[in-house]
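Shown next, in structure tokens, is the structure this report addresses.
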Amino acid sequence: MLLDHKEDTYSIIRTVAQQKGIEKIRIYNKKGTIIFSADNSEINQTVDMENEACFMCHASSDSTIVEPATHERKRIFKNENGTRLLGYVTPIYNEESCYTSNCHIHSPNETILGTLDLIVSLKDTDEILQQEKSKMISYNISITLFLALTVGIFIWFFVRIPVKKLLIGTKEISSGNLDHKIKSSTKDEIGKLAESFNKMTEDLREAKKEILEWSNELEQRVNKKTEELKKTQDRILQIEKMASLGQLSATVAHELNNPMAGILTYSKLIQKKIKNNELSPDEKQSILKYLKMIETESDRSGSIVKNLLLFSRKQDKEIKPHNINSIIETSLQLISHHLQLNNIHLKKELQSNLPDVYVDENQIKQALLALFVNSVEAMEKEGVLTVKTELKPRENFLIIQIQDDGKGIPEEVSDHIFEPFFTTKNAVKGVGLGLSVVYGIIQNHQGEITVNSAINIGTTFTIKLPAGKIRKNEP
């Protein structure tokens, strides 16, 4: 170009432009006119100074041409076919050899004379990059799959199988098989865990053995104490029964005294009459009358003694169906004279046609007798004793109510009257076992007993017994 051989210069540029990948080579003068291009149709065209290729040098507002930075000289864009192109702009500097040459007329003050614009196609480069990208993805996938397979095999043999053995071991232990052991030949954490697991099962086995031994010993002790408790309870029932008999002894003796005195008197009269050799028909009739009276009084005395003996006799518990009204009537017969001596009026409101209840007759009599005597003592020589029975079909219960109009029970005492050895009586009258025994008897028959009392109004004991069989598993 210094020799002004333009054709040679343009020929060289065209030759370069024909190289593979090069799209265009253009030379702009400082006014933006294309003075040379590999594409002849573009020569002498003036481009917009706002164009990206021009703007980097003509960005100044005073139209001064500046030298662009190296990183600003390149640009990447797409053509109409969508192919990416790389453009690189190289300034043509006004060197000393230019403005001192005879063929050039450039001023020494000019820095840049023009611009060489080289546009290279990135199609091949993009294809290579895409191929490399695909290869890289394939390699990454292959490596990932290989690593995943390797890790999976490692986890399977060194983690999953040992953990599965541990899981099976825990299931065996939870099912009660304390003889199960986990086999492990490794010394890693899993092996140590298996060893600890085996040690734990051994400790559990020893602990279970000790617990079983203690359990057996405890069961034996409980059975022994239960048997002792049962015997004690039987003795308490019998003691309370005899205590009730002791309370009734005076009235029973008084009741027996009358028929026995009558028997004695009539026996002496008969003896006198028999001493006479000749007896008139009237005398014979009188003797028969006396004998009939002796028979009646003897039967009455025998009935009293029989009832007392039946009540006092120690018997095994026997649950059988009974009519509750009959049990109440028999119990009232035992205290009938006791009621008379204490001026107690008996009022019975017994519902008829009641279904049988499955109870131990002797124990229910004992419970009723204790409640009757308790009511008589509460009324202090005068009052009304009311005995009621009623069926509650919906609840399937028989109700027994024993009501007196005595002095009543204080509120602070009523919560404790069924406790053993709790009593408001003096030592002569009792030790506080009566109502606790009653409570135990009713509970053993799957029933309930409650008390409702008011001071100077009276007390009502309510007993609920199931109108059906008692379950066999109940005491």
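The values are calculated or read from the model by the stated rules, or taken from the named source; none is laboratory data. Predicted model, so just to flag it, every value in this text is computed and none were measured. As a convention, Cβ positions derive from the backbone with ideal geometry for all residues, glycine included, and neighbour counts pool all protein chains shown.
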Output for region 109-167, where each listed residue is more than 46 Å from the chain's Cα centre (by Cα), of a type in the set (S, T, Y) and part of a helix (DSSP H, G or I):
T125, S134, S138, Y139, S142, T144
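Counting only residues that are assigned to a loop (DSSP other than H, G, I, E, B) and either on the phi > 0 side of the Ramachandran plot or at pLDDT 65 or above (or both), how many does region 24-64 have?
At the first step, the residues of region 24-64 found to be assigned to a loop (DSSP other than H, G, I, E, B) are 30-32, 38-39, 43-45, 47-51, 56-64.
Now restrict to residues that are either on the phi > 0 side of the Ramachandran plot or at pLDDT 65 or above (or both): 30-32, 38-39, 43-45, 47-48, 63.
Summing the residues that are assigned to a loop (DSSP other than H, G, I, E, B) and either on the phi > 0 side of the Ramachandran plot or at pLDDT 65 or above (or both) in region 24-64 gives 11.
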Scan region 368-391 for residues that are surrounded by fewer than 16 Cβ atoms within 10 Å (Cβ to Cβ), without any contact (Cβ under 8 Å) to a residue 40 or more places away in the chain and touching a strand residue (DSSP E or B) at 6+ places or on another chain (Cβ under 6 Å) and jot them down.
E390
Some residue of region 399-408 being within 15 Å of F461 (Cβ to Cβ) and in contact with a Phe, Trp or Tyr (Cβ under 6 Å, 6 or more places away or on another chain):
yes
Just for region 414-448: of the residues that are surrounded by 14 or more Cβ atoms within 10 Å (Cβ to Cβ) and of a type in the set (V, I, T), which one is modelled with the highest pLDDT?
I442
Only one of S184, S215, S121 is at pLDDT 80 or above, more than 30 Å from I27 (Cβ to Cβ) and surrounded by 10 or more Cβ atoms within 10 Å (Cβ to Cβ). Can you tell me which?
S215
